[in-house]
Amino acid sequence: MRLDKFVCKSTSLTRSEAISKIQQGEFQVNSDVVNDESSQVHANNTVLWNGTLLQARPFRYILMHKPTGTICSNVDEVYPSLFKHLDVDHVSELHIAGRLDADTTGMVLITDDGHWSYNITTPTKLCAKVYRVGLSRPISDDVVDKFLQGIQLQGESELTAPATLDVITAHEVLLIITEGKFHQVKRMFSAIGNKVVSLHREAIGEVYLDVDVGQWRYLTAEEVLRLAH
Ligand code: URA
(Lines give C-alpha, C1' and ligand atoms only; values in the text may rest on other atoms or scores of the structure.)
Protein backbone atom coordinates (compact mmCIF):
# COMPACT_ATOMS: atom_id res chain seq x y z
CA MET A 1 0.00 0.00 0.00
CA ARG A 2 1.25 3.55 -0.73
CA LEU A 3 2.53 5.47 2.27
CA ASP A 4 -0.06 8.27 1.93
CA LYS A 5 -2.86 5.67 1.84
CA PHE A 6 -1.43 3.90 4.87
CA VAL A 7 -1.27 7.21 6.76
CA CYS A 8 -4.92 7.95 5.90
CA LYS A 9 -5.92 4.45 7.02
CA SER A 10 -4.15 4.81 10.36
CA THR A 11 -4.85 8.46 11.30
CA SER A 12 -7.63 10.96 10.76
CA LEU A 13 -5.54 12.97 8.28
CA THR A 14 -6.98 13.71 4.86
CA ARG A 15 -5.01 12.64 1.81
CA SER A 16 -3.64 16.15 1.21
CA GLU A 17 -2.71 16.60 4.89
CA ALA A 18 -0.96 13.22 4.83
CA ILE A 19 1.01 14.11 1.69
CA SER A 20 2.07 17.46 3.10
CA LYS A 21 3.26 15.93 6.40
CA ILE A 22 5.07 13.09 4.59
CA GLN A 23 6.90 15.64 2.43
CA GLN A 24 7.84 17.58 5.58
CA GLY A 25 9.61 14.43 6.87
CA GLU A 26 7.25 13.56 9.75
CA PHE A 27 7.09 9.83 8.91
CA GLN A 28 9.63 7.05 9.30
CA VAL A 29 9.37 3.62 7.68
CA ASN A 30 11.64 1.06 9.37
CA SER A 31 13.57 3.94 11.06
CA ASP A 32 14.20 5.82 7.78
CA VAL A 33 12.53 9.17 7.15
CA VAL A 34 10.48 8.83 3.94
CA ASN A 35 9.46 12.00 2.07
CA ASP A 36 7.89 10.29 -0.93
CA GLU A 37 4.17 9.71 -0.44
CA SER A 38 4.10 7.10 -3.23
CA SER A 39 6.62 4.77 -1.59
CA GLN A 40 5.21 1.36 -0.65
CA VAL A 41 4.49 0.16 2.88
CA HIS A 42 4.43 -3.61 3.38
CA ALA A 43 2.75 -5.67 6.11
CA ASN A 44 5.98 -6.20 8.06
CA ASN A 45 7.06 -2.52 7.95
CA THR A 46 7.05 -0.28 11.01
CA VAL A 47 5.67 3.21 10.39
CA LEU A 48 6.20 6.01 12.93
CA TRP A 49 4.60 9.48 12.88
CA ASN A 50 6.79 11.84 14.89
CA GLY A 51 7.92 8.79 16.90
CA THR A 52 4.44 7.25 17.44
CA LEU A 53 3.74 3.81 15.97
CA LEU A 54 0.88 3.75 13.44
CA GLN A 55 -1.41 0.83 12.76
CA ALA A 56 -3.75 0.72 9.79
CA ARG A 57 -7.44 0.24 10.58
CA PRO A 58 -8.60 -3.25 9.58
CA PHE A 59 -10.29 -3.64 6.20
CA ARG A 60 -14.07 -3.40 6.13
CA TYR A 61 -16.44 -5.67 4.20
CA ILE A 62 -20.05 -4.56 3.91
CA LEU A 63 -23.16 -6.00 2.27
CA MET A 64 -25.90 -3.52 1.39
CA HIS A 65 -29.37 -3.75 -0.13
CA LYS A 66 -29.31 -1.01 -2.74
CA PRO A 67 -32.60 0.86 -3.18
CA THR A 68 -33.75 1.98 -6.61
CA GLY A 69 -32.95 5.62 -7.44
CA THR A 70 -29.49 5.55 -5.86
CA ILE A 71 -26.15 5.35 -7.64
CA CYS A 72 -23.08 3.22 -7.00
CA SER A 73 -20.73 6.16 -6.61
CA ASN A 74 -19.08 7.84 -3.61
CA VAL A 75 -20.69 11.15 -4.53
CA ASP A 76 -24.20 12.26 -5.42
CA GLU A 77 -24.87 12.90 -9.10
CA VAL A 78 -28.33 13.01 -10.75
CA TYR A 79 -29.34 10.46 -8.09
CA PRO A 80 -28.02 10.32 -4.52
CA SER A 81 -25.13 8.01 -3.71
CA LEU A 82 -26.15 4.77 -1.98
CA PHE A 83 -23.56 5.72 0.66
CA LYS A 84 -26.21 8.02 2.17
CA HIS A 85 -27.57 4.81 3.73
CA LEU A 86 -24.18 3.90 5.20
CA ASP A 87 -23.51 5.46 8.61
CA VAL A 88 -19.83 4.56 9.05
CA ASP A 89 -16.64 6.62 9.39
CA HIS A 90 -14.14 7.26 6.59
CA VAL A 91 -16.68 6.57 3.85
CA SER A 92 -14.36 8.08 1.23
CA GLU A 93 -12.00 5.10 1.71
CA LEU A 94 -14.70 2.67 0.55
CA HIS A 95 -15.51 1.49 -2.95
CA ILE A 96 -18.15 -0.76 -4.51
CA ALA A 97 -17.22 -4.21 -5.81
CA GLY A 98 -19.43 -4.39 -8.91
CA ARG A 99 -21.76 -1.51 -9.55
CA LEU A 100 -25.49 -1.62 -10.23
CA ASP A 101 -27.44 0.82 -12.38
CA ALA A 102 -29.55 3.52 -10.72
CA ASP A 103 -32.76 1.60 -11.42
CA THR A 104 -31.35 -1.79 -10.30
CA THR A 105 -31.93 -2.98 -6.75
CA GLY A 106 -30.25 -5.62 -4.64
CA MET A 107 -26.96 -6.80 -3.28
CA VAL A 108 -23.91 -4.57 -3.32
CA LEU A 109 -20.57 -5.30 -1.68
CA ILE A 110 -18.60 -2.36 -0.31
CA THR A 111 -15.02 -2.48 0.93
CA ASP A 112 -11.68 -0.69 1.27
CA ASP A 113 -9.76 -3.85 0.32
CA GLY A 114 -8.87 -3.55 -3.36
CA HIS A 115 -7.36 -7.04 -3.66
CA TRP A 116 -10.53 -8.62 -2.30
CA SER A 117 -12.86 -6.66 -4.59
CA TYR A 118 -10.67 -7.54 -7.58
CA ASN A 119 -11.42 -11.23 -6.95
CA ILE A 120 -15.13 -10.49 -7.05
CA THR A 121 -15.19 -8.34 -10.15
CA THR A 122 -12.54 -9.83 -12.41
CA PRO A 123 -14.20 -12.26 -14.88
CA THR A 124 -11.31 -14.76 -14.69
CA LYS A 125 -12.22 -15.58 -11.06
CA LEU A 126 -15.70 -16.72 -12.19
CA CYS A 127 -17.50 -15.21 -9.19
CA ALA A 128 -21.23 -15.74 -9.85
CA LYS A 129 -23.71 -12.86 -9.73
CA VAL A 130 -27.36 -13.90 -9.49
CA TYR A 131 -29.99 -11.56 -10.96
CA ARG A 132 -33.77 -11.77 -10.88
CA VAL A 133 -34.90 -10.23 -14.14
CA GLY A 134 -38.35 -9.02 -15.16
CA LEU A 135 -38.94 -8.96 -18.94
CA SER A 136 -41.36 -7.04 -21.16
CA ARG A 137 -41.86 -9.96 -23.60
CA PRO A 138 -42.39 -13.65 -22.87
CA ILE A 139 -39.14 -15.57 -22.90
CA SER A 140 -38.72 -18.46 -25.34
CA ASP A 141 -37.06 -21.76 -24.38
CA ASP A 142 -34.20 -21.52 -26.86
CA VAL A 143 -32.77 -18.58 -24.90
CA VAL A 144 -31.45 -20.89 -22.17
CA ASP A 145 -29.11 -22.48 -24.67
CA LYS A 146 -28.20 -19.17 -26.36
CA PHE A 147 -27.11 -17.70 -23.03
CA LEU A 148 -25.06 -20.79 -22.29
CA GLN A 149 -23.29 -20.50 -25.66
CA GLY A 150 -22.61 -16.77 -25.22
CA ILE A 151 -24.30 -13.67 -26.58
CA GLN A 152 -22.82 -11.14 -28.99
CA LEU A 153 -23.27 -7.75 -27.36
CA GLN A 154 -23.17 -4.61 -29.46
CA GLY A 155 -19.70 -3.04 -29.44
CA GLU A 156 -17.97 -6.10 -27.93
CA SER A 157 -15.45 -8.24 -29.80
CA GLU A 158 -16.11 -11.44 -27.85
CA LEU A 159 -19.22 -13.38 -26.88
CA THR A 160 -20.35 -13.15 -23.26
CA ALA A 161 -19.10 -15.93 -20.98
CA PRO A 162 -21.50 -18.88 -20.45
CA ALA A 163 -24.50 -17.71 -18.43
CA THR A 164 -27.12 -19.84 -16.68
CA LEU A 165 -30.77 -18.96 -17.22
CA ASP A 166 -33.54 -20.36 -15.08
CA VAL A 167 -37.02 -19.54 -16.39
CA ILE A 168 -39.40 -18.84 -13.49
CA THR A 169 -42.37 -17.55 -15.49
CA ALA A 170 -42.77 -16.28 -19.06
CA HIS A 171 -41.79 -12.80 -17.86
CA GLU A 172 -39.37 -13.57 -15.02
CA VAL A 173 -36.01 -15.36 -15.01
CA LEU A 174 -33.02 -15.94 -12.77
CA LEU A 175 -29.77 -15.23 -14.56
CA ILE A 176 -26.30 -16.15 -13.31
CA ILE A 177 -23.32 -14.41 -14.91
CA THR A 178 -19.66 -14.25 -13.97
CA GLU A 179 -18.83 -10.99 -15.75
CA GLY A 180 -19.83 -7.41 -15.09
CA LYS A 181 -19.75 -5.55 -18.38
CA PHE A 182 -21.46 -2.16 -18.55
CA HIS A 183 -25.27 -2.73 -18.48
CA GLN A 184 -24.54 -6.39 -19.19
CA VAL A 185 -27.88 -7.94 -18.27
CA LYS A 186 -29.93 -5.31 -20.09
CA ARG A 187 -27.70 -5.64 -23.17
CA MET A 188 -27.93 -9.45 -23.15
CA PHE A 189 -31.72 -9.36 -23.27
CA SER A 190 -31.73 -6.52 -25.77
CA ALA A 191 -29.49 -8.65 -28.03
CA ILE A 192 -32.23 -11.30 -28.19
CA GLY A 193 -35.03 -8.78 -28.77
CA ASN A 194 -36.37 -8.57 -25.23
CA LYS A 195 -36.33 -5.76 -22.68
CA VAL A 196 -35.48 -5.75 -18.98
CA VAL A 197 -38.22 -4.03 -16.98
CA SER A 198 -36.91 -4.87 -13.49
CA LEU A 199 -33.52 -6.01 -12.26
CA HIS A 200 -32.53 -7.17 -8.81
CA ARG A 201 -29.23 -8.79 -7.68
CA GLU A 202 -29.98 -11.58 -5.21
CA ALA A 203 -26.53 -13.01 -4.56
CA ILE A 204 -22.82 -12.73 -5.20
CA GLY A 205 -20.87 -15.95 -4.98
CA GLU A 206 -22.58 -18.03 -2.33
CA VAL A 207 -23.60 -15.04 -0.23
CA TYR A 208 -27.29 -14.11 -0.49
CA LEU A 209 -28.93 -10.78 0.20
CA ASP A 210 -30.53 -11.01 3.64
CA VAL A 211 -31.15 -7.40 4.73
CA ASP A 212 -34.07 -5.12 3.93
CA VAL A 213 -33.91 -2.45 1.27
CA GLY A 214 -31.62 0.42 2.34
CA GLN A 215 -30.11 -1.67 5.16
CA TRP A 216 -26.57 -3.01 5.47
CA ARG A 217 -24.43 -5.29 7.60
CA TYR A 218 -20.78 -6.31 7.90
CA LEU A 219 -19.89 -9.62 6.25
CA THR A 220 -18.75 -12.36 8.59
CA ALA A 221 -15.08 -13.41 8.45
CA GLU A 222 -16.21 -16.68 6.89
CA GLU A 223 -18.14 -14.85 4.12
CA VAL A 224 -15.16 -12.60 3.42
CA LEU A 225 -12.94 -15.64 2.93
CA ARG A 226 -15.55 -17.48 0.88
CA LEU A 227 -15.90 -14.56 -1.53
CA ALA A 228 -12.14 -14.21 -1.93
CA HIS A 229 -11.83 -17.55 -3.71
N1 URA B 1 -26.54 -5.53 -15.65
C2 URA B 1 -27.24 -4.43 -15.95
O3 URA B 1 -27.65 -4.23 -17.08
N4 URA B 1 -27.47 -3.54 -14.96
C5 URA B 1 -27.07 -3.72 -13.68
O6 URA B 1 -27.35 -2.89 -12.82
C7 URA B 1 -26.35 -4.88 -13.38
C8 URA B 1 -26.09 -5.77 -14.38
- Query: So if we plug the beta-carbon distance of residue 30 and residue 142 into 1/(1 + (r/R0)^6) with R0 = 45 Å, what FRET efficiency do we get, rounded to 0.05?
  - Reply: 0.10
- Message: If the elastic network links every pair of Cα atoms under 10 Å, which of 92, 198, 157 fluctuates the most in the Gaussian network model of the chain?
- Response: 157
- Task: Determine ³J(HN,Hα), in whole Hz, for all residues of the stretch 67-74 in sequence, where each value follows from phi through the Karplus function 6.51 cos²θ - 1.76 cosθ + 1.60 and θ = phi - 60°; x replaces Gly and Pro.
- Result: x, 5, x, 10, 10, 7, 8, 6
- Alpha carbon Rg of the stretch 110-149, scaled by the compact-globule rule 2.2 N^0.38 Å: 1.71
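Using a 1.4 Å probe, what is the accessible area per residue for the stretch 97-229, in Å²? Walk me through the numbers on the way to the answer.
Numbers: 6900 Å² over 133 residues.
Averaged over the residues of the stretch 97-229, the accessible area is 52 Å².
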- Shape parameters for the stretch 5-111, alpha-carbon atoms, Rg then Dmax in Å: 17.3, 52
- Message: Looking at the chain, I'd like the Rg to Rh ratio, where Rg is from alpha-carbon atoms and Rh is Kirkwood's inverse mean 1/r.
- Response: 1.07
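Order the peptides 134-141, 108-115 from the highest to the lowest mean number of other Cβ atoms within 10 Å of their residues. Spell out each step's value before the answer.
Values: 134-141: 13.5, 108-115: 18.8.
Going by the mean number of other Cβ atoms within 10 Å, highest first, we get 108-115, 134-141.
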- Take the alpha carbon atoms of the stretch 181-205, find their center, do the same for the stretch 50-97, and report the distance between the two centers in whole angstrom. 25 Å
- Considering only 164, 11, 121, give the residue with the highest GNM mean-square fluctuation for the chain, with springs between Cα atoms whenever their separation is below 10 Å. 11
- Just subtract the alpha-carbon distance of residue 124 and residue 218 from 0.36 nm times their residue separation and send over the number in nm, one decimal. 31.2 nm
- Message: Strictly greater than 18 Å: what percent of every Cα pair in the stretch 3-53 meets that?
- Response: 13 percent
- Message: For a quick check: with amide H placed at 1.01 Å from N, whose amide H comes under 5 Å from residue 2's, ignoring anything fewer than 5 positions away on the same chain?
- Response: 41
- Message: Can you return the lysines within cross-link range of residue 84? Criterion is Cα-Cα under 28 Å, with same-chain partners fewer than 8 residues away left out.
- Response: 5, 9, 66, 129, 181, 186
- Top mean-square fluctuation among 64, 188, 107, Gaussian network model of the chain, C-alpha springs under 10 Å? 188
- Query: Under the Karplus relation 6.51 cos²θ - 1.76 cosθ + 1.60, θ = phi - 60°, what is the ordered set of whole-Hz ³J(HN,Hα) values for the stretch 158-172, x standing for Gly and Pro?
  - Reply: 10, 5, 5, 5, x, 10, 9, 10, 10, 7, 8, 9, 4, 10, 9
- Query: What nm distance separates the two modelled labels at residue 42 and residue 59, each placed 7 Å from Cα along Cα→Cβ?
  - Reply: 1.8 nm
- Cα extents of the stretch 128-204 along the three principal axes, largest first (Å): 31, 26, 20
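The values are calculated or read from the model by the stated rules, or taken from the named source; none is laboratory data. What you see is a predicted model; the values in this text were computed from it and never measured. When we count neighbours, we look across all protein chains shown, and the Cβ atoms used for this are built from the backbone with ideal geometry, even at glycine. Quick note on the areas: whole protein, heavy atoms, side chains included, nothing else; ligands and nucleic acids left out. Shrake-Rupley method; radii C 1.70, N 1.55, O 1.52, S 1.80 Å.
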